[in-house]
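Participant: Encoded as structure tokens, here's the structure I'll be asking about.
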Amino acid sequence: MYEGRSPGFRSTLILAGGRSSRMGRDKALVEIDGVPMLRRVYDVAAACTRDVWVVTPWAERYQPILPPDCCWIHEIASPAESRFDSAHSGDILADDLSLGTEDHIADLAGLPALETSVSTQNSSLLQGPLIGFAQGLEFLVEEGYAADWVLLLACDLPRLRADVLKQWMAELDSVDADVMAAMPHHSKGWEALCGFYRSACLPDLKLFIESGGRSFQRWLRSQPIHLLDVADTSMMMNCNTPEDLEEA
């Protein structure tokens, strides 16, 4: 562990590994009021936590739009992800249509049994946000950046507000020790990519993944979760399509 970090020290993980299929272009680079969405989310996160880590297979793509001191975690495909079957794709597609998760797996829809090998580069795009989160969290834990809570964000939250995140962070101090995550909830499920996770959830997360689990929502249903209230639900807007962009 690095010295000088308090027990409540928090880092942010931003996932930027989706294919942006419905947007038609890389939504992390789409500008709103002249600022790329990934940069908007990064700036909000940087106002709340000391370290902000971007988990992506394409660091070189995003380096020009982020500060020089941005931290990077390279998302890689595990050997098991180089071949998919229809059961795995169905597990994700049926269960993970929550905030920010769908573009990571949207291109699986309509594919045949996915028995054809795909390249390592492509498989990193197919493995879904749960894998990216697990890789990022494992890195933070091993390197001493995780402490108790870690904030996880999607890269496409154009209305994200630092003041609300800070209110939620203050609330975490009173959350029971056995609670592994804290986040808002909506009609489709938990806001998985705008929430806080205890670093202590990593062993159970890895077991779930090793057993073949890929659905964020399914894994969350097995965890004790603290509900975070959000008065202005527009803050949770997830920008996935050109139509969403017009409203952003």
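The values are calculated or read from the model by the stated rules, or taken from the named source; none is laboratory data. What you see is a predicted model, and the numbers here were worked out from it, not measured in a lab. Note that each Cβ is placed from the backbone with ideal geometry, even for glycine, and that neighbours are counted across all protein chains shown. Heavy atoms of the whole protein, side chains included, go into the accessibility calculation; ligands, DNA and RNA do not. Shrake-Rupley method; radii C 1.70, N 1.55, O 1.52, S 1.80 Å.
Participant: Using the structure shown, decide if Lys188 is in contact with a helix residue (DSSP H, G or I) (Cβ under 7 Å, 6 or more places away or on another chain), surrounded by fewer than 17 Cβ atoms within 10 Å (Cβ to Cβ) and in contact (Cβ under 8 Å) with a residue 40 or more places away in the chain.
Facilitator: Against the criterion (in contact with a helix residue (DSSP H, G or I) (Cβ under 7 Å, 6 or more places away or on another chain), surrounded by fewer than 17 Cβ atoms within 10 Å (Cβ to Cβ) and in contact (Cβ under 8 Å) with a residue 40 or more places away in the chain), Lys188 does not qualify.
Participant: Against the conditions (1) closer than 29 Å to Gly34 by Cα; (2) modelled with pLDDT of 95 or more, where does Arg159 fall short? Just the number, please.
Facilitator: For Arg159, the failing item is (2).
Participant: Could you list, in sequence order, all residues of region 211-248 that are modelled with pLDDT of 85 or more and touching a Pro at 6+ places or on another chain (Cβ under 8 Å)?
Facilitator: Residues satisfying the conditions are Phe216, Leu227, Leu228, Asp229, Val230.
Participant: Shifting gears a bit: Could you run through region 166-179 and say how many residues are open to solvent by 30 Å² or more (accessible area, probe 1.4 Å) and not polar (S, T, N, Q)? Walk me through it before giving the result.
Facilitator: If we filter region 166-179 for residues that are open to solvent by 30 Å² or more (accessible area, probe 1.4 Å), which is where we start, we get 166-167, 170-171, 173-174, 176-178.
Narrowing the set further to residues that are not polar (S, T, N, Q) leaves 166, 170-171, 173, 176-178.
The total comes to 7.
Participant: Among the residues of region 9-42, write down those that are touching a helix residue (DSSP H, G or I) at 6+ places or on another chain (Cβ under 8 Å), modelled with pLDDT of 85 or more and either on the phi > 0 side of the Ramachandran plot or of a type in the set (Asp, Glu) (or both).
Facilitator: Glu31
Participant: Just a yes or no: is a residue in region 125-144 in contact with a strand residue (DSSP E or B) (Cβ under 6 Å, 6 or more places away or on another chain), within 18 Å of Ala192 (Cβ to Cβ), modelled with pLDDT under 50 and surrounded by 20 or more Cβ atoms within 10 Å (Cβ to Cβ)?
Facilitator: No, every residue in region 125-144 fails to be in contact with a strand residue (DSSP E or B) (Cβ under 6 Å, 6 or more places away or on another chain), within 18 Å of Ala192 (Cβ to Cβ), modelled with pLDDT under 50 and surrounded by 20 or more Cβ atoms within 10 Å (Cβ to Cβ).
Participant: Of all residues in region 192-230, count the ones that are buried (at least 21 other Cβ atoms within 10 Å of the Cβ) and assigned to a loop (DSSP other than H, G, I, E, B).
Facilitator: 5
Participant: Of Ser82, Ser6, Ser98, Ser89, which residue is modelled with pLDDT under 50 and over 20 Å from Pro129 (Cβ atoms)? Spell out the reasoning first.
Facilitator: On the way: Ser82 fails: over 20 Å from Pro129 (Cβ atoms); Ser98 fails: over 20 Å from Pro129 (Cβ atoms); Ser89 fails: over 20 Å from Pro129 (Cβ atoms).
On inspection, the qualifying residue turns out to be Ser6.
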